[in-house]
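What follows is a set of notes on a single structure, which appears directly below.
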Amino acid sequence: MIDLIWLILFVAGVVTAAFTGRMQAVASAVLGGAETGVALAIALVSVISLWLGLMRIAELGGLVDWLTRCLRPVGRFLYPSVPPDHPAMGSILANMSANILGLGNAATPLGLKAMQELQSLNEDKETASDAMCTLLAINTASITLIPTTVIAVRMQSHSADPTAIVGTTLLATCFGTVAAVILDRLFRAWSKRGRS
């Protein structure tokens, strides 16, 4: 669906430029944007590699494991239908830890693994379970302590203080996570009421 929206926007822009005689401006913008995108992507590789390297050191140093142990009570509260010793809980907690530390690249495969494990617990294979919906909500709105990608983009844009975003990101992601948990619980209650 999003592909269709982008296609409509692109075609509308080209048609408008053709009728207004501004095709040269569109061509310049397309080529300039592509060049800027490639330059930014190459520049981000070094910064993101640095952050991922630091996070890998933290992971090898036991920070992720420690954080996972600290999150265990939170996991039991958020996912009451998942047995505490089930592999799904381990994947969920590892996903949460990676998201909190800003390791989006590591969090994605952990989230997929958690979904697979949760599907093994799901009685109705055609419908997402409550735990699966909770995981999706928490993963999307996760609290983030170190927004590595945003810091990297700000560094490449020559920001005077690229890490200034850390406090506001932490605040915004905290509010987002709380809202996700509240809405998840409200929808659970609503769906249970609808089933009975």
* Structure fact -> Matching residues in segment 68-94 (basic (Lys, Arg) and surrounded by 20 or more Cβ atoms within 10 Å (Cβ to Cβ)) number 0
* Run Pro162 past the list (1) closer than 26 Å to Leu93 by Cα; (2) buried (at least 17 other Cβ atoms within 10 Å of the Cβ); (3) without any contact (Cβ under 8 Å) to a residue 12 or more places away in the chain and report the number of the one that doesn't hold. => (1)
* Collect the residues in segment 123-132 that are surrounded by 17 or more Cβ atoms within 10 Å (Cβ to Cβ) and of a type outside the set (Gly, Ala, Ser), keeping them in residue-number order. => Asp130, Met132
* Asked: Got a sec? Which of Thr149, Thr144 is more than 21 Å from Arg185 (Cα to Cα), crowded, with 21+ Cβ neighbours inside 10 Å and touching a residue at least 12 places away in the same chain (Cβ under 8 Å)?
  -> Thr144
* Count, please, the residues in segment 136-150 that happen to be assigned to a loop (DSSP other than H, G, I, E, B) and of a type in the set (Ser, Thr, Tyr). => 2
* Among all residue pairs at least 6 apart or on different chains, which show Cβ distances below 9 Å where the first residue, located in segment 74-101, is touching a residue at least 40 places away in the same chain (Cβ under 8 Å) and the second is among the acidic types (Asp, Glu)? -> Leu78/Asp184; Tyr79/Asp130; Ser81/Asp130; Val82/Glu117; Ala88/Glu117; Ile92/Glu117; Leu101/Glu59
* Structure fact -> Residue hits (segment 1-22; surrounded by 12 or more Cβ atoms within 10 Å (Cβ to Cβ) and either assigned to a helix (DSSP H, G or I) or modelled with pLDDT of 90 or more (or both)) are Phe10, Gly13, Val14, Ala17
* Where Glu59 falls short, out of the listed (1) surrounded by 13 or more Cβ atoms within 10 Å (Cβ to Cβ); (2) in contact with a helix residue (DSSP H, G or I) (Cβ under 7 Å, 6 or more places away or on another chain) -> (2)
* Return a yes/no flag: does segment 33-44 have any residue that is closer than 16 Å to Gly102 by Cα, in a helix (DSSP H, G or I) and out of contact with any Pro (no Cβ under 9 Å at 6 or more places or on another chain). => yes
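This table checks each residue for (1) among the polar types (S, T, N, Q); (2) closer than 20 Å to Arg72 by Cα; (3) touching a Ser or Thr at 6+ places or on another chain (Cβ under 6 Å).
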| position | (1), (2), (3) |
| --- | --- |
| Leu93 | no, yes, yes |
| Asp124 | no, no, no |
| Thr140 | yes, yes, no |
| Ala152 | no, no, no |
| Leu183 | no, no, no |
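Residue-wise test of (1) within 22 Å of Ile143 (Cα to Cα); (2) aliphatic (A, V, I, L, M).
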position: Ala17; (1), (2): no, yes
position: Ala25; (1), (2): no, yes
position: Ala43; (1), (2): no, yes
position: Gly53; (1), (2): yes, no
position: Gly62; (1), (2): yes, no
position: Pro80; (1), (2): yes, no
position: Gly90; (1), (2): yes, no
position: Glu117; (1), (2): no, no
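The values are calculated or read from the model by the stated rules, or taken from the named source; none is laboratory data. From a predicted model like this one, the values you see are computed outputs, not experimental measurements. Ideal geometry is used to build each Cβ from the backbone, glycine not excepted, and the neighbour counts take in all protein chains shown.
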